[in-house]
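A quick write-up on the structure given underneath.
The values are calculated or read from the model by the stated rules, or taken from the named source; none is laboratory data. None of the values given here were measured: they were computed from a predicted structure. Glycine also receives a Cβ, built like all others from the backbone with ideal geometry; neighbour counts cover every protein chain displayed.
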Amino acid sequence: MSDRSPNPPVFASSVTNPVEGSSGGAVTITDLSHLTKLVVKTTPTRPDGLAPPFGAGEPAGEAVVCGTRPGEWTVIGPADACRGAVGQPTASSAHVVDISHGRVLIQVAGPAAASALEKVCSLDWSDEMMPDGAVTSASVAKVVCDVIRHDGASVRYWLLADRSYGQYLYDALIDAAAEFG
């Protein structure tokens, strides 16, 4: 597993666009591709699989464990935290693959993040349908992405996509957020 954290962001630096009509609101788009990304695959019926279940995500120390598909989890965070969250699965029970270099991770955050994402994705971004901890897959600006809501101080969405689409997706998100400022 690689720890890419010393590397600078792959795409342009964070961009903040003020949102009309909100007091101090913003949409911030940040490249988090430096974080380690591990995929753990096993059978969906394995009783000792990772938590959380398919469609949900939860913190595991400094890492986030996401049930991205039945029998598949994506673990995101600093390398040591990811290793700790995965533990030591036996070769017969699970396969762990480091996908850090092949996937881009872009964060869209702020009070108008959902409104910006509505411009490029047909998901229902309401809190009822996409609460904190929700995990799904969707087409965002015509790019297949795993979408993770991982709130911190404000609403945050993580978009995990094939690295070859990284700059295109980043630019499309900046364009979507610019409509608010």
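Among the residues of this structure, ALA141 counts as one that is on the phi > 0 side of the Ramachandran plot, among the hydrophobic types (A, V, I, L, M, F, W, C) and more than 15 Å from the chain's Cα centre (by Cα).
Just checking, does the range 127-148 include any residue being polar (S, T, N, Q), in contact with a strand residue (DSSP E or B) (Cβ under 7 Å, 6 or more places away or on another chain) and either surrounded by fewer than 20 Cβ atoms within 10 Å (Cβ to Cβ) or not assigned by TED's automatic domain parsing to the domain that holds ILE76 (or both)? Checked the range 127-148: at least one residue is polar (S, T, N, Q), in contact with a strand residue (DSSP E or B) (Cβ under 7 Å, 6 or more places away or on another chain) and either surrounded by fewer than 20 Cβ atoms within 10 Å (Cβ to Cβ) or not assigned by TED's automatic domain parsing to the domain that holds ILE76 (or both). Within the range 152-169, residues that are within 15 Å of VAL108 (Cβ to Cβ) and in a loop (DSSP other than H, G, I, E, B) have Cβ atoms under 8 Å from residues that are modelled with pLDDT under 95 and not small (Gly, Ala, Ser) in these pairs: SER154/PRO111; VAL155/PRO111, counting only partners at least 6 apart in sequence or on another chain.
Table: residues versus (1) in a strand (DSSP E or B); (2) touching a helix residue (DSSP H, G or I) at 6+ places or on another chain (Cβ under 6 Å); (3) over 16 Å from THR43 (Cα atoms).
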site	(1), (2), (3)
VAL75	yes, yes, yes
ASP80	no, no, yes
GLY84	no, no, yes
GLN88	no, no, yes
HIS101	no, no, yes
ALA116	no, yes, yes
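If you go through the range 118-135 and pick out every residue that is under 13 Å from CYS145 (Cα atoms) and part of a loop (DSSP other than H, G, I, E, B), you end up with 4.
Could you list, ordered by first residue, the pairs with Cβ atoms under 7 Å in which the first is in the range 114-137 and closer than 19 Å to VAL64 by Cβ and the second is among the aromatic types (Phe, Trp, Tyr) and surrounded by fewer than 16 Cβ atoms within 10 Å (Cβ to Cβ), at least 6 apart or interchain? Pairs that qualify, where the first residue is closer than 19 Å to VAL64 by Cβ and the partner is among the aromatic types (Phe, Trp, Tyr) and surrounded by fewer than 16 Cβ atoms within 10 Å (Cβ to Cβ): there are none. In summary, ARG156 fulfils each of the numbered conditions (1) modelled with pLDDT of 95 or more; (2) in the same structural domain as GLY55 (by TED's automatic domain parsing) with the single exception of condition (2). Against the criterion of being surrounded by 14 or more Cβ atoms within 10 Å (Cβ to Cβ), among the aromatic types (Phe, Trp, Tyr) and either farther than 19 Å from THR30 by Cβ or touching an Asp or Glu at 6+ places or on another chain (Cβ under 7 Å) (or both), TRP158 does not qualify. TYR157 meets the stated requirement of being within 13 Å of the chain's Cα centre (by Cα) and among the hydroxyl-bearing types (Ser, Thr, Tyr).
Matching residues to (1) free of Cβ contacts under 8 Å to residues at least 12 places away in the same chain; (2) of a type outside the set (Gly, Ala, Ser):
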{"site": "ARG83", "(1), (2)": "no, yes"}
{"site": "SER93", "(1), (2)": "no, no"}
{"site": "ALA141", "(1), (2)": "no, no"}
{"site": "CYS145", "(1), (2)": "no, yes"}
{"site": "ASP171", "(1), (2)": "yes, yes"}
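When GLY110 is tested against (1) at pLDDT below 95; (2) within 16 Å of the chain's Cα centre (by Cα); (3) surrounded by fewer than 19 Cβ atoms within 10 Å (Cβ to Cβ), exactly one condition is not met: (3).
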